[in-house]
Amino acid sequence: MVKLGIDTSKLNPKFFEQLQAQKETQLRQAMRPRALFVWKQARSIAPVRTGALKRSIEMQPIADGYFVGTRCPWGGYMESGTTRIAPRAYLRRAIAAMLIQFRKVVLGRG
């Protein structure tokens, strides 16, 4: 059996920090178009009564990606429904549409 090792003691410790930051930047850049797609889809299919829910759907960068959603108090009720109101899923449908599109791109069919 052959054992291989790498002596990292002579490497600059900032190298690993830069490598991690570069990886996070690349991941964020790859996630942004998908988050933007979900944001646009959710806004286009959100139920509209006054338009407040549609206008409140936002996309914000967060530590490990993007937040796409709403802080509207009734947004969750519209998405999941209640005992009196049927669900009118807009975020789940937007995410499902993004996954279908992403799958097509990955498989080379789109």
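Any read-out appearing in this document is the output of simple, stated calculations on the displayed coordinates, not a laboratory observation. Since the structure is predicted, the reported quantities are computational estimates derived from the model, not experimental observations. Using ideal geometry, Cβ is built from the backbone for each residue, glycine included, and neighbour counts are taken over all protein chains shown.
Data for the structure
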read-out	value
Sites GLN22 and GLU58, calculated FRET efficiency, Cβ-Cβ separation with R0 25 Å, nearest 0.05	0.35
Cβ charges +1 (Lys, Arg) and -1 (Asp, Glu), total dipole of the chain, debye	540
Computed over the chain: relative contact order in percent, which uses C-alpha pairs under 8 Å that are six or more apart	22
Column: log10 I(q)/I(0), Debye, Cα scatterers of the chain, q = 0.13, 0.15, 0.18 Å⁻¹	-0.65, -0.76, -0.94
